[in-house]
Amino acid sequence: PTGDSSMVLQAQEEIIEMKDVFSVKLKRRRFVGQKKGGTLLGITIFKCLNKEENKLTDCAIHLNNLSEDHCQSWFRHLKEILNGFQNRPKSLKVFVNPSSHKREATHVYYEKVAPLFKLADIKTDVTVTEYEGHALSVLKECELQAFDGVVCVGGDGSVSEVVHGLLLKAQIDAGKDTDYIPTPVRAPVPLGVIPAGTTNILAHTLYGTKHAVTATLHIVMGHIQPVDVCTFSTPSKLLRFGFSAMFGFGARTLALAEKHRWMPSSQRKDFAFIKTLADLKPEECELSFLPLQIPQEDSRENDRITLLYLGSKDQWHKIQGHFLNVSIMAIPCLCSMAPRGLAPNTRLNNGSMALIVVQNTSRTEFIKHLKRYTSVKNQFNFPFVETYTVQEVKVQPRLKSGLDAKENTYLNTASAEGNYPWNIDGDLMKEASEVHVRVHPQLINLYGVNTDDLESSQETCNCI
């Protein structure tokens, strides 16, 4: 201790685990404007602290010592230990979407994220995107081996574009035909997601919260979570890589919202939701899928669910009818409006997708089903809702003859050529033909924790 040696100091013992430390710095007293040198005071240790509701924060512990040799020795040894954590990134490619939500992504990055990266001695190469598809074009030309990871600061649409670009680049580098990819190769580097959008589904699913500092600290600490990814394809081409898709109500709502982008984000989404609900119409289509069966709890191996086929690999099941909505999701899709998730029966990396089929019913009953998403009640406990655990799905819309003029004007869902809207990870796509969805186990590593098991996530980040 420094100061008056006659002072009575009460010693407090604290144990710090090095797995919770992410930075160590020499502590000096400097004059105003002085950038180098200064009087040595000791060293400061920065650690990751777990708070309530899955949130992480950083905490500084100051160790006082006036000996230059002593401090340098401690500093070198602690840095050697920190450098031994293999998953922690030292260089990151960062994409910032300045248009996300209320144009807050740039502020979030430079005020909350960048200082923590700098503190952890992480080098960054930042691209502020200027148009839709900018991140995708940069990733196609990017030498990913120069980085330990990629980070996206934005909303669900931005994240979706970066995920697609990262995996598409992996296929190109592996010499794969990008028109048809039955067995894609894994992404070469992990992806970090900094929430700066409206719903932030992937961030909520990864961290259990929309909190930029929590997301940043998961990246800094190198917490790696393998995640399943889907390929969405027509018979002739790959549409994109992604985690979830909706056909029917969810896609119609997005299509209408996209036509009113002149409105503020929250207003156009509310307007599109209410208008689509008022003009509620089912889609006639045929669903084909390969079902999977999840065995009993005692057959778990290494805490992962082993999935078995029901019958042979070619045993496709078919459903035909009029459906209000069809959801295909490889992750639970948590958000503030659906705290249990849009697909609570699936997991981040169990090699399966949830197929949720809402058959034609009255508007009143459909609204009851939608309201259940905001509560803890089972949103699937309705006679018109069917759920399946699957590995592959094919959706074949039935073309309509004589389109309703009102439907064309307001919803723009099915053109004369028979193009139907799809909501793939919050991005609008229109396709006329069959869409084939496959799940690929653990195709990408994301920075984060598996919120399926909150106890394990707390154990990972607690300081003792």
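The values are calculated or read from the model by the stated rules, or taken from the named source; none is laboratory data. All values derive from a computational prediction rather than experimental measurement. Using ideal geometry, Cβ is built from the backbone for each residue, glycine included, and neighbour counts are taken over all protein chains shown. Only protein heavy atoms, including side chains, enter the accessible area calculation; ligands, DNA and RNA are left aside. Shrake-Rupley method; radii C 1.70, N 1.55, O 1.52, S 1.80 Å.
Near His164: Cβ cut-off under 13 Å, other residues only, Lys/Arg at +1 and Asp/Glu at -1. The net charge is -2.
On the basis of the beta-carbon distance and an R0 of 41 Å, Lys123 and Asn360 show a calculated FRET efficiency of 0.15. For the chain, the longest principal axis of the Cα atoms and the long axis of helix 265-278 meet at an angle of about 30 degrees. Computed from Cα positions, the angle between helix 363-372 and the longest principal axis of the chain comes to roughly 20 degrees. Rolling a 1.4 Å probe over the protein chains gives Thr124 an accessible area of about 60 Å². Between [x] 23.3, 82; [y] 31.9, 109; [z] 25.1, 94, which matches Rg and Dmax of the Cα atoms in Å calculated for the structure shown? After the calculation, the listed value that fits is [z]. The dipole here belongs to the chain: it is taken about the Cα centre, uses +1 on the Cβ of Lys and Arg and -1 on the Cβ of Asp and Glu, and is about 1060 debye.
Across all Cα pairs in segment 18-84, the calculated P(r) in 10 Å bins from zero up to the longest distance comes to 19, 42, 29, 9, 0 percent per bin. Exposed loop sites here mean GluC sites (Glu not before Pro) with a DSSP loop assignment and at most 11 other beta-carbon atoms within 10 Å; the chain contains its longest site-free run at 144-416. Estimated from helical segments only, the mean residue ellipticity of the chain at 222 nm is -7500 deg cm²/dmol, where each DSSP H run of four or more residues counts as -39500 (n - 2.57). Of the whole protein surface, Tyr180 contributes about 130 Å² of accessible area at a 1.4 Å probe radius. Annotation: average projected area of segment 164-218 is 4.8 square nanometres, based on the convex hull of Cα atoms across all directions. Taking the DSSP bridge list for segment 1-159 and keeping only pairs wholly inside it, about 60 percent are antiparallel. Solvent-accessible surface of the chain, taken per residue with a 1.4 Å probe and all protein chains present: 49 Å². Calculate the translational D of segment 322-380 in whole µm² s⁻¹ from Stokes-Einstein, where the hydrodynamic radius comes from the Kirkwood formula applied to all Cα pairs, the temperature is 10 °C and the viscosity 1.306 mPa s. The estimated diffusion coefficient comes to 132 µm²/s. Other residues whose C-beta falls under 13 angstrom from the C-beta of Leu92 contribute a net charge of +2, scoring Lys and Arg +1 and Asp and Glu -1. Taking 0.36 nm per residue of separation and subtracting the Cα-Cα distance, full extension of the segment from Asp177 to Thr44 would add 42.8 nm. For Glu13 and His322, a Förster radius of 45 Å and the Cβ-Cβ distance give a FRET efficiency of 0.10, rounded to the nearest 0.05. Note on the chain: dipole from Cβ charges, positive end direction compared against Ala343, Phe273, Cys285; the farthest Cα belongs to Phe273. For the Cα atoms of the chain, what angle does the longest principal axis make with the long axis of helix 212-221, in degrees from 0 to 90, nearest 10? It is inclined by approximately 70 degrees.
Distant-in-sequence amide contacts of Asn325, defined by a placed amide H-H separation under 5 Å and a gap of 5 or more residues or a different chain, comprise Phe249, Val358. Summing charges over all other residues whose Cβ lies under 9 Å from the Cβ of Ile319, with Lys and Arg as +1 and Asp and Glu as -1, gives -1.
On the beta carbon distance between Arg29 and Asp69, with R0 = 25 Å, the FRET formula returns roughly 0.85. Of the residues Arg372, Arg88, the one with the largest accessible area comes first in the ranking Arg372, Arg88, computed with a 1.4 Å probe on protein heavy atoms.
Largest first, the residues Trp262, Trp316 sort by 1.4 Å accessible area into Trp262, Trp316.
Counting every pair of alpha carbons in segment 214-275, the share spaced more than 17 Å apart comes to 64 percent. Round to a whole number: what % of the accessible area of the chain belongs to carbon and sulfur, probe 1.4 Å? On the chain, the fraction of accessible area on carbon and sulfur atoms equals 49 percent. Take the Cα of Ala60, step 7 Å toward its Cβ, do the same at Ser336, and the gap between the two points is 3.0 nm.
The overall shape of segment 59-152 is oblate: from the C-alpha gyration tensor, with semi-axes ordered a ≥ b ≥ c, the ratio a/c is 1.5 or greater and a/b is no larger than b/c.
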